[in-house]
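The values are calculated or read from the model by the stated rules, or taken from the named source; none is laboratory data. Quantities reported herein were computed from a predicted structural model and do not represent experimental measurements. Neighbour counts are summed over all protein chains in view; Cβ atoms, including those assigned to glycine, are modelled from backbone coordinates with ideal geometry.
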Amino acid sequence: MDNEEILVIGEEEFHFKLPSKEIVRLEKLYGKNIFEIFESLSFGTIADILEAALVKPEGVDKFDMMDKLLTKYTIIELGQDILQKIAVKSGLLKVKDLENNDGEAEAKNV
């Protein structure tokens, strides 16, 4: 699907897209807006965002998922590249926002 970020680890596919309901839940949990949450590169925050964005498979423990993802990606790649791609697929950012900032997204209030 073009509206989901799909990561393949071995035979397993992980589909990600962050729905509005999960954005609001994360904002309440962290007491910050979603862009401030995305700026945090802590392991726990990345795991929480990826868990909130996981569409398929359902019911996966976030730490089991992280262990699998870390066999292919570094925590920095997950925290920057993958989260940015999920933000684009979820409609939070546009690709041109990333290109204009050399890969670093900047939140803009309009």
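Do we find that L41 is of a type in the set (A, V, I, L, M, F, W, C), more than 18 Å from V95 (Cα to Cα) and either surrounded by fewer than 15 Cβ atoms within 10 Å (Cβ to Cβ) or in contact with a Ser or Thr (Cβ under 8 Å, 6 or more places away or on another chain) (or both) in this structure? So L41 passes the test. Remark: pairs (first residue in the stretch 3-32, within 14 Å of P57 (Cβ to Cβ) and in contact (Cβ under 8 Å) with a residue 60 or more places away in the chain; second residue aromatic (F, W, Y) and surrounded by 14 or more Cβ atoms within 10 Å (Cβ to Cβ); Cβ separation under 6 Å; 6+ apart in sequence or on different chains) = L7/F14. For the stretch 78-87, the condition of being under 9 Å from the mean Cα position of the chain (by Cα), crowded, with 16+ Cβ neighbours inside 10 Å and in a loop (DSSP other than H, G, I, E, B) holds for none of the residues. Scanning the stretch 53-65 for residues that are crowded, with 16+ Cβ neighbours inside 10 Å and within 13 Å of E5 (Cα to Cα) yields A53, L54, V55.
Within the stretch 67-85, residues that are polar (S, T, N, Q) have Cβ atoms under 9 Å from residues that are surrounded by fewer than 20 Cβ atoms within 10 Å (Cβ to Cβ) in these pairs: T71/I9; T71/G10; Q80/L41; Q80/G103; Q80/E104; Q84/L98; Q84/G103; Q84/E104, counting only partners at least 6 apart in sequence or on another chain.
F14 falls short of the stated requirement of being in a helix (DSSP H, G or I) and aromatic (F, W, Y). Just one of (1) in contact with a Phe, Trp or Tyr (Cβ under 9 Å, 6 or more places away or on another chain); (2) aliphatic (A, V, I, L, M); (3) modelled with pLDDT under 95 fails for L69. It is (3).
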